[in-house]
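Chemist: Structure incoming, see below.
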Amino acid sequence: MNYVALAIPFFLLLIVVELIVDQWRKTKTYSINDTVNSLHVGILSQVSGLSRKLLQFSAYALLFEHVAVFNLGTESAWVWVFAFVAYDFCYYWYHRMSHEINGLWAAHVVHHQSEEYNLSTALRQTSGGIVGFVFYLPLAVIGIDPVILISVGSLNLIYQFWVHTRHIDKMPNWYEAVFVTPSNHRVHHAQNPVYLDKNYGGVFILWDRFFNTYHPELKDEPVIFGVTKPLASWNPIWANLEVYWGLLLDSLRTKKWSDKLKVWYARTGWRPADVSDSHPYPKFDPYKLVKYDVESTWSQKLYVLFQHLSTLGFVLVILYQAPGKSAADIMTTLFVVAYGLFSLGMIQQHQRFSFVIEFIKLMIWGAFALYGPFVYPVSATIIALWCVASAVWLVISYKFVNKIIIKSTVSGN
Ligand SMILES: [Zn+2]
Ligand SMILES: [Zn+2]
């Protein structure tokens, strides 16, 4: 059973708890735009996962049925324990390769783009990663039942949630030695040169100790979160495509034929010599990082927050009702949701035409809630009211307020 969908309300609740602690301790580990963006990246991953995971699961189940050496069954607790540990071992290698190979990094990078580190960062998961399931296929050959695989896989992901916090320092030594913890996972999210490519474990940090990729968090080297090639965008679609796009351009631009392919499987960061000469990436110093954000008025922030909360409700209904829906319904839903997430990202960035894009979103989402394949537990009047209230709020908070800001700036000169 996949426990992730069931865990989502607890994730959101714990994020609220961490937010309160953050306010109380004045630690400023949250920013509205960053949190909204992280959650939207997570939502896109969950919704796109409805079709992606079905394909991957089918491939696993097929292999299990025809190639499994043993049938370990689903009854014994030891099989579950073994599967849990073996899954994490496979996860270690998948995760490590996701950092060490260009083409796999392109999918995994979304988990690392946030320059903050809090529980919402945990939910930044990829919408790509189509080939990742290959790393778990040995479990099918051993004879781990697909049902167990899904269960231990979701438990593995749920475990990783709580380690994304700056509010827990170090756990007791024995725990730090065996398990992934907030401290050793902070190191994994760092862009400080000394911490790069370390601590890949999902539940057990033991793998990193065995395979020499462990590094502890140092007192005199505070972690700087994020990636060495900053995303600088609140668009969750672009977050998923940015590195793929860079690799594609490198692959098209290079004159050397073997490099066109090598771009995809080479060590992360490798670029064809001719392209890195003609199109160099700017040099980046993590110690001079200025966190990406876009200034907004309070009214604009509240609009984004209101739309974000609406998105959570809109998508939770989809996730809970999705099982059993047709492939066409799932694909349509993915486009509708992706468009909405893209639109709010444009609003967060004050992008040109974001008004028009957002107006269209309000209409599409309203129509989808009323006539789409999912049943929303609110009346048609409430949905219509949501559309109208959102539209009015959008005009007031962006068009009107922006004009006032421009005027006051002009008169101030
Ligand atoms: Zn990673
Ligand atoms: Zn992480």
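Chemist: Out of all the residues in the stretch 272-295, is one or more closer than 30 Å to Asp329 by Cβ and either in contact with a helix residue (DSSP H, G or I) (Cβ under 7 Å, 6 or more places away or on another chain) or in the same structural domain as Leu344 (by TED's automatic domain parsing) (or both)?
Modeler: no
Chemist: Further question on the same structure: Working only within the stretch 117-132, note down all residues that are surrounded by 21 or more Cβ atoms within 10 Å (Cβ to Cβ) and either assigned to a helix (DSSP H, G or I) or away from ligand 1 (no atom under 15 Å from the Cβ) (or both).
Modeler: Asn118, Leu119, Ser120, Thr121, Ala122, Ser127
Chemist: Quick check on my filter: what residues within the stretch 146-168 are modelled with pLDDT under 95 and not aliphatic (A, V, I, L, M)?
Modeler: Listed by number, the residues that qualify are Pro146, Ser151, Gly153, Ser154.
Chemist: Can we say Ser114 is more than 16 Å from ligand 1 (Cβ to nearest atom) and either assigned by TED's automatic domain parsing to the domain that holds Gln56 or assigned to a helix (DSSP H, G or I) (or both)?
Modeler: It is false that Ser114 is more than 16 Å from ligand 1 (Cβ to nearest atom) and either assigned by TED's automatic domain parsing to the domain that holds Gln56 or assigned to a helix (DSSP H, G or I) (or both).
Chemist: Here's a follow-up. If you take the residues of the stretch 8-26 that are surrounded by fewer than 18 Cβ atoms within 10 Å (Cβ to Cβ) and closer than 17 Å to Phe314 by Cα, which of them is modelled with the lowest pLDDT?
Modeler: Selected residue: Pro9.
Chemist: Of all the residues that make up the stretch 1-26, how many are part of a helix (DSSP H, G or I) and of a type in the set (S, T, N, Q)?
Modeler: Here the count works out to 1.
Chemist: Note down all Cβ pairs under 7 Å where the first residue falls in the stretch 214-234 and is within 23 Å of Tyr92 (Cα to Cα), the second is surrounded by 14 or more Cβ atoms within 10 Å (Cβ to Cβ) and acidic (Asp, Glu), and they're at least six residues apart or on different chains.
Modeler: Hits for this filter: Tyr214/Asp208; Val223/Glu217; Phe225/Glu115; Phe225/Glu116; Gly226/Glu115.
To keep it simple, each residue is scored yes or no on (1) touching a helix residue (DSSP H, G or I) at 6+ places or on another chain (Cβ under 9 Å); (2) more than 30 Å from Lys291 (Cβ to Cβ); (3) more than 14 Å from ligand 2 (Cβ to nearest atom).
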residue: Trp78; (1), (2), (3): no, yes, yes
residue: Phe84; (1), (2), (3): yes, yes, yes
residue: His111; (1), (2), (3): yes, no, no
residue: Ser120; (1), (2), (3): yes, no, no
residue: Val131; (1), (2), (3): yes, yes, yes
residue: Gly153; (1), (2), (3): yes, yes, yes
residue: Gln160; (1), (2), (3): yes, no, no
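Chemist: Separate question: Inspect all residues belonging to the stretch 381-400 and state whether any of them is at pLDDT 90 or above, under 26 Å from Gln300 (Cα atoms) and of a type in the set (S, T, N, Q).
Modeler: So far as the stretch 381-400 goes, yes, one or more of its residues are at pLDDT 90 or above, under 26 Å from Gln300 (Cα atoms) and of a type in the set (S, T, N, Q).
Chemist: Could you check the stretch 146-165 and list, in sequence order, the residues that are assigned to a loop (DSSP other than H, G, I, E, B) and surrounded by 20 or more Cβ atoms within 10 Å (Cβ to Cβ)?
Modeler: Those that are assigned to a loop (DSSP other than H, G, I, E, B) and surrounded by 20 or more Cβ atoms within 10 Å (Cβ to Cβ): Val163, His164, Thr165.
Chemist: Right, another one. Quick one: how many residues across the stretch 167-194 are within 13 Å of ligand 2 (Cβ to nearest atom) and not polar (S, T, N, Q)?
Modeler: 8
Chemist: If you don't mind, there's one more thing I want to ask. Give the residue, chosen from Ala328, Ala367, that is under 28 Å from the mean Cα position of the chain (by Cα) and modelled with pLDDT under 95.
Modeler: Within the list Ala328, Ala367, the selection yields Ala328.
Chemist: Here's a follow-up. Consider the stretch 149-202. How many of its residues are more than 15 Å from Ile224 (Cβ to Cβ) and either among the polar types (S, T, N, Q) or away from ligand 1 (no atom under 14 Å from the Cβ) (or both)?
Modeler: The number of residues fulfilling the criteria is 32.
Chemist: For Ala83, only one of the following conditions fails: (1) within 14 Å of ligand 1 (Cβ to nearest atom); (2) in contact (Cβ under 8 Å) with a residue 60 or more places away in the chain; (3) aliphatic (A, V, I, L, M). What is its number?
Modeler: Just one mismatch for Ala83, condition (1).
Chemist: Right, Leu104: modelled with pLDDT under 95 and either among the aromatic types (Phe, Trp, Tyr) or within 16 Å of ligand 1 (Cβ to nearest atom) (or both) or not?
Modeler: Judged against the criteria, Leu104 is not a match.
The values are calculated or read from the model by the stated rules, or taken from the named source; none is laboratory data. It should be emphasised that the depicted structure is a prediction, and the values quoted were computed from it without experimental measurement. We place every Cβ from the backbone using ideal geometry, glycine too, and count neighbours over all the protein chains shown.
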